[in-house]
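Written below as structure tokens is the structure these notes are about.
The values are calculated or read from the model by the stated rules, or taken from the named source; none is laboratory data. It should be emphasised that the depicted structure is a prediction, and the values quoted were computed from it without experimental measurement. Here the Cβ positions follow ideal geometry from the backbone for every residue, glycine too, while neighbour counts run over all protein chains shown. The area values use the complete protein model at the heavy-atom level, side chains included, leaving out ligands, DNA and RNA. Shrake-Rupley method; radii C 1.70, N 1.55, O 1.52, S 1.80 Å.
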Amino acid sequence: MFGCECFYRKKMDLLPLSDPEPFSLPAPLPQWPHGQGFASGKLNLGELEVVKISRFKFIWSSNLEDKKKGVTFYKPVGIPDGFYILGHYCQSNDQPLRGFVLVAREAPSKSEATDFSTRVTSPALREPLDYTLAWKSNDGREGSLEGCGFFWLPQPPEGYKSVGFLVTSSKKPKLDKVRCVRADLTDRCEKYRVMHSEFSFRVWSTRPYHRGMLRRGVSVGTFSCISDSIPGLELPLSCLKNLDPSLHGMPNCDQIHALINHYGPTFFFHPDEIYLPSSVSWFFENGALLFRKGDSVGEPIDVGGSNLPSGGRNDGEFWIDLPSGDQRKTIKLGNLASAKLYLHVKPALGGTFTDIALWIFCPFNGPATLKVGIMNIALNKIGQHVCDWEHVTLRICNFAGELWSIYFSQHSGGVWVNAYELEYIQGNKAIIYSSRNGHASFPHPGTYIQGSAKLGIGIRNDCASSNFYVNSSNHYELVAAEYLGDGIVAEPGWLQFMRKWGPTIVYDSRTELDKIVHVLPVMLQSSVKNFFYKLPVELYGEEGPTGPKEKNNWVDDERG
């Protein structure tokens, strides 16, 4: 199916063959409030019950000359009785051991959700019929197996799918070492991040293709590998699917509050920040106005947003704007004392994880600063707009209630950061650094360039700690958790406003940009012009953003 290749590798003593210790958060986990399946250690997926295994035993390492570029393959250990391996685990050597694989068994009692289960007589799990040797390596000596790694793809029976590879240091594994999963209990899988690429052999992490709060794909934690000897080969693996409609592994209300109390990050704003956050209610109370197309007079907004038009779409018929005069100047500065984080809690990866999106509101987004080499040029209007909604997302593993990663939104994109890469201020509470004027989120202080760091040309994002901060663990409001059912969480009226939180004012930004280009050294002018052409469209006009519920990541997974 894949073929196999061997290549010469200098033998090196790199990694000890001892069992690795997994990464741990700075502080122990608390005793979470009582609930259904959250933090119970096992999750029901309908016809399957799964357990997350984070303890591993070394199998084989790529042992490259640069240790940090290599990868190591592990098998899970400490598997509960009655559960079966679905595949092995791979991780880069340049990071702490931080990962998992799921092991599975048939659920003791089938979920009421799978009404078709009464018509399905085939077992949920079966042994493979055989293995295909996907790839192997050795030290170049004919007949020698010393230090060799063999990669095996289970060949499933008809109607079943493989969800992981096995790795051995010698012969083919026995058929009872792994299980394949009935096809209707699986979902489409995709390659995610390249972990290893050498000669004709590459290794990727995997994740469900369908992701978001309404999707049911479950990450197994296994890896995928492929040889270039057969180009165009489709990914041969699947992931699991959660067919339990109750999503019994998701936290209840008490557990949500316990999670944010324990993990709620502190948001630090730059010491030179002028445009600070506020609560939405403070913004409304202090003069924010609702405008309607064709009407030059704005209407005061009720403190809860009850007079804002609800639902619909962003059709340009309504928008929010600041008041005029001195009151406008005052409200643009925000009110840190009233600021809070607005929480949207939703299932992730088929309900095996919980995403807690924390939204923060600022009445105004300041103009950008351009960096060109050693020069910093404060822009006049580019980047500024009325109102700014930013967010980070905590991803919590539902097996134990452990913080897994945080998504940092950064203008038109963002990045997932693993728990071991975060800074912590108190126990397991992470630090979020909000960039000056633009309020993008970053995991560490410093200057981040939106543009070309190599050329030293781009928009500056300056982050630092200061006395301006909001502690989300005690300054928050739960505004949405749809999976809990209707009426459990009362969504505020302003959350249903789908139009712009700010007017659209188009101005001649090219004039400002041309003035900047003309005062630069000739050798830089071409590069800066090219950079300007690639700037996001929103930087060329003052345009308020839509609210949280209008963003695609409200329902879908985060980008990245």
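Overall shape of the stretch 35-95 was characterised from the C-alpha gyration tensor. The equivalent ellipsoid obtained from it has semi-axes of 31, 13, 9 Å, in decreasing order. Against the chain, whose longest principal axis is taken from its Cα atoms, helix 509-518 shows a tilt of about 80°.
All alpha carbon pair distances within the stretch 253-554 were sorted into 10 Å bins beginning at 0; the resulting P(r) in whole percents reads 6, 27, 33, 24, 9, 1, 0. With bins 10 Å wide beginning at 0, the percent of Cα pairs of the stretch 376-424 falling in each bin runs 20, 36, 24, 15, 5.
Over the stretch 145-212, the hull volume per residue, using the convex hull of the C-alpha atoms, is 116 Å³. The packing ranking of peptides 177-186, 202-211, highest mean first, is 177-186, 202-211, where packing means the average number of other beta carbon atoms within 10 angstrom of each residue. Counting only alpha carbon atoms, the long axis of helix 253-263 and the longest principal axis of the chain meet at about 90°.
Computed over all pairs of different Cα atoms, the Kirkwood value for the hydrodynamic radius of the chain is 26.1 Å.
Each stretch of four or more DSSP H residues adds -39500 (n - 2.57); spread over every residue of the chain, this sum gives -2500 deg cm²/dmol at 222 nm. If you take all other residues with their beta carbon under 9 Å from the beta carbon of G351, and give Lys and Arg +1 and Asp and Glu -1, the sum is 0. Remark on E127: its backbone amide H falls under 5 Å from those of C180, a criterion applied only to residues 5 or more positions apart or on other chains, H modelled at 1.01 Å from N.
For the chain, the carbon plus sulfur part of the accessible surface works out to 50%, probe radius 1.4 Å.
For the chain, the dipole from Cβ point charges (+1 on Lys and Arg, -1 on Asp and Glu) about the Cα centre works out to 1380 debye, to the nearest 20. Against the criterion of solvent-accessible heavy-atom surface with a 1.4 angstrom probe, E158, E402, E47 sort, most first, into E158, E402, E47. Computed with a 1.4 Å probe over protein heavy atoms only, the accessible surface of the stretch 253-554 comes to 40 Å² per residue. For the chain, the longest principal axis of the C-alpha atoms and the axis of helix 522-533 are separated by about 80°. Pairs exceeding 24 Å between alpha-carbon atoms, taken from K42/K551; K161/K241; K69/K172; K42/K346: K42/K551; K69/K172. Considering only Cα atoms, the convex hull volume of the stretch 177-336 works out to 282 Å³ per residue.
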